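The values are calculated or read from the model by the stated rules, or taken from the named source; none is laboratory data. Being a predicted model, the structure only gives us computed values, none of them experimental. Because the Cβ atoms are built from the backbone with ideal geometry, glycine has one as well, and the counts that use them run over all protein chains shown.
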Amino acid sequence: MADTVLYEVSDGLATITLNRPEAMNALNVATKVALREAVLSAAGDAAVRAVLLTAAGDRAFCVGQDLKEHIGLLASDRESGTQHTMATVREHYNPIVRALAEAPKPVVAAVNGVAAGAGFGFALAADYRIVADTAGFNTSFAGVALTGDSGISWTLPRVVGPGRASDLLLFPRNVGAQEAYELGIANRVVPADELRAEAEKVARTLAEGPTVAYAALKEAVAYGFSHTFAETLEKEDELQGRAGRSEDHAIAVQAFVNKEKPKYLGR
């Protein structure tokens, strides 16, 4: 894995760190490949019970596509008569955000600075966003004559509503931490110097929790967005059966009866 993305697993928590602070964690090809590998690894590893996605430095979480590299790739496409450059959406961005959103475990994003374009999409694909009070969000796409990718056309309207989403997509601007909290983009805003500690605390709490139940909750919420109430009730029945058969449920019930704190196994 490239050194532009750091990956560490400790006590059930996978920490993925974008590590190009000098480039505001912009996404060149090597970084996108490494990030895709890290996210897919974390999503598919049964030993990982929660994921923390963050970035190095204090200026940026991720400003999206590395436009300096992008210019050269577009020129190469024009010279060769190919369209390889924009295949990055299918080859990189889509697998990354699907793995984050569909992982059968909670994903926490610690947004340390500006999250723009695909960086905004990555943050929205997480289940919980803890944001530094100095951070901000920007859709950015229309500003470089592009449409949204990285799932933002699906996630953003569901977080802020279709009207506000259209406004933010058509007229890109910086959304500060406090406004992001008011819009529902940020779940929690903390002082910048407390971000990492707070995010790790939340992520480790989730890593010690009932993993099967968390996976079912993620699936139920996603399902409910695109299905009827009756269909969602059926899905809840199915998922509750799965959670009810888990070892963690038995542990939780016994702990409740014994007036003890449950120690979950994640299965």
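Considering each of 118, 125, 142 in turn, give the residue that is without any contact (Cβ under 8 Å) to a residue 60 or more places away in the chain, among the small types (Gly, Ala, Ser), assigned by TED's automatic domain parsing to the domain that holds residue 70 and within 20 Å of residue 16 (Cα to Cα).
Values: 118 fails: without any contact (Cβ under 8 Å) to a residue 60 or more places away in the chain; 142 fails: within 20 Å of residue 16 (Cα to Cα).
That would be 125, the only listed residue that is without any contact (Cβ under 8 Å) to a residue 60 or more places away in the chain, among the small types (Gly, Ala, Ser), assigned by TED's automatic domain parsing to the domain that holds residue 70 and within 20 Å of residue 16 (Cα to Cα).
So which helices (runs of 4 or more DSSP H) stay within the stretch 171-267 end to end and still have 2 or more residues that are over 15 Å from residue 135 (Cα atoms)?
Counting at least 2 such residues, we get 195-207, 211-225, 229-244, 247-258.
Just wondering, is there one or more residues in the stretch 154-168 that are under 28 Å from residue 70 (Cα atoms) and aromatic (Phe, Trp, Tyr)?
Scanning the stretch 154-168, I find at least one residue that is under 28 Å from residue 70 (Cα atoms) and aromatic (Phe, Trp, Tyr), so the answer is yes.
Out of the residues in the stretch 60-91 that are acidic (Asp, Glu) and over 22 Å from the mean Cα position of the chain (by Cα), state the one that is surrounded by the fewest Cβ atoms within 10 Å (Cβ to Cβ).
Pass one, the stretch 60-91, residues acidic (Asp, Glu): 66, 69, 77, 79, 91.
From what is left, the residues that are over 22 Å from the mean Cα position of the chain (by Cα) are 69, 77, 79.
Values: 69: 17, 77: 15, 79: 8.
Top of the filtered list is 79.
Hey, among 162, 172, which residue is of a type outside the set (Lys, Arg) and surrounded by 15 or more Cβ atoms within 10 Å (Cβ to Cβ)? Steps first, answer last, please.
On the way: 162 fails: surrounded by 15 or more Cβ atoms within 10 Å (Cβ to Cβ).
Of the residues listed, the single one that is of a type outside the set (Lys, Arg) and surrounded by 15 or more Cβ atoms within 10 Å (Cβ to Cβ) is 172.
Go through the residues of the stretch 97-113 one by one and say whether even a single one is polar (S, T, N, Q) and at pLDDT 95 or above.
The first filter runs over the stretch 97-113 and keeps only residues polar (S, T, N, Q), leaving 112.
When the remaining residues are screened for being at pLDDT 95 or above, the result is 112.
The answer is yes; a qualifying residue exists.
So which of 261, 235 ends up being without any contact (Cβ under 8 Å) to a residue 40 or more places away in the chain and either touching a Leu at 6+ places or on another chain (Cβ under 8 Å) or more than 26 Å from residue 13 (Cα to Cα) (or both)? Lay out the reasoning, then the answer.
Details: 261 fails: either touching a Leu at 6+ places or on another chain (Cβ under 8 Å) or more than 26 Å from residue 13 (Cα to Cα) (or both).
Exactly one of 261, 235 is without any contact (Cβ under 8 Å) to a residue 40 or more places away in the chain and either touching a Leu at 6+ places or on another chain (Cβ under 8 Å) or more than 26 Å from residue 13 (Cα to Cα) (or both), namely 235.
Mind listing whichever residues of the stretch 187-212 are of a type in the set (Gly, Ala, Ser) and out of contact with any Asp or Glu (no Cβ under 9 Å at 6 or more places or on another chain)?
The first filter runs over the stretch 187-212 and keeps only residues of a type in the set (Gly, Ala, Ser), leaving 192, 197, 199, 203, 207, 209.
Residues satisfying the conditions are 197, 199, 203.
So which residues in the stretch 138-154 are surrounded by 21 or more Cβ atoms within 10 Å (Cβ to Cβ), of a type in the set (Val, Ile, Thr) and part of a helix (DSSP H, G or I)?
Across the stretch 138-154, the qualifying residue is only 152.
Could you please let me know if residue 190 is in the same structural domain as residue 125 (by TED's automatic domain parsing), farther than 17 Å from residue 114 by Cα and β-branched (Val, Ile, Thr)?
Details: in the same structural domain as residue 125 (by TED's automatic domain parsing): yes; farther than 17 Å from residue 114 by Cα: no; β-branched (Val, Ile, Thr): yes.
No; evaluated as a whole, the condition is false for this residue.
Restricting the search to the stretch 175-196, which residues are closer than 25 Å to residue 102 by Cβ, out of contact with any Lys or Arg (no Cβ under 6 Å at 6 or more places or on another chain), among the small types (Gly, Ala, Ser) and surrounded by 18 or more Cβ atoms within 10 Å (Cβ to Cβ)? Break it down into steps so the answer makes sense when it comes.
Initially, the stretch 175-196 is screened for residues closer than 25 Å to residue 102 by Cβ, giving 180, 183-188.
Those left that are additionally out of contact with any Lys or Arg (no Cβ under 6 Å at 6 or more places or on another chain): 180, 183-185, 188.
Adding the requirement that they be among the small types (Gly, Ala, Ser) leaves 180, 184.
180, the sole residue that qualifies.
Can you tell which of 159, 212, 108 is under 15 Å from the mean Cα position of the chain (by Cα) and under 30 Å from residue 267 (Cβ atoms)? Talk me through it step by step, then tell me what you get.
On the way: 159 fails: under 30 Å from residue 267 (Cβ atoms); 212 fails: under 15 Å from the mean Cα position of the chain (by Cα).
It is 108.
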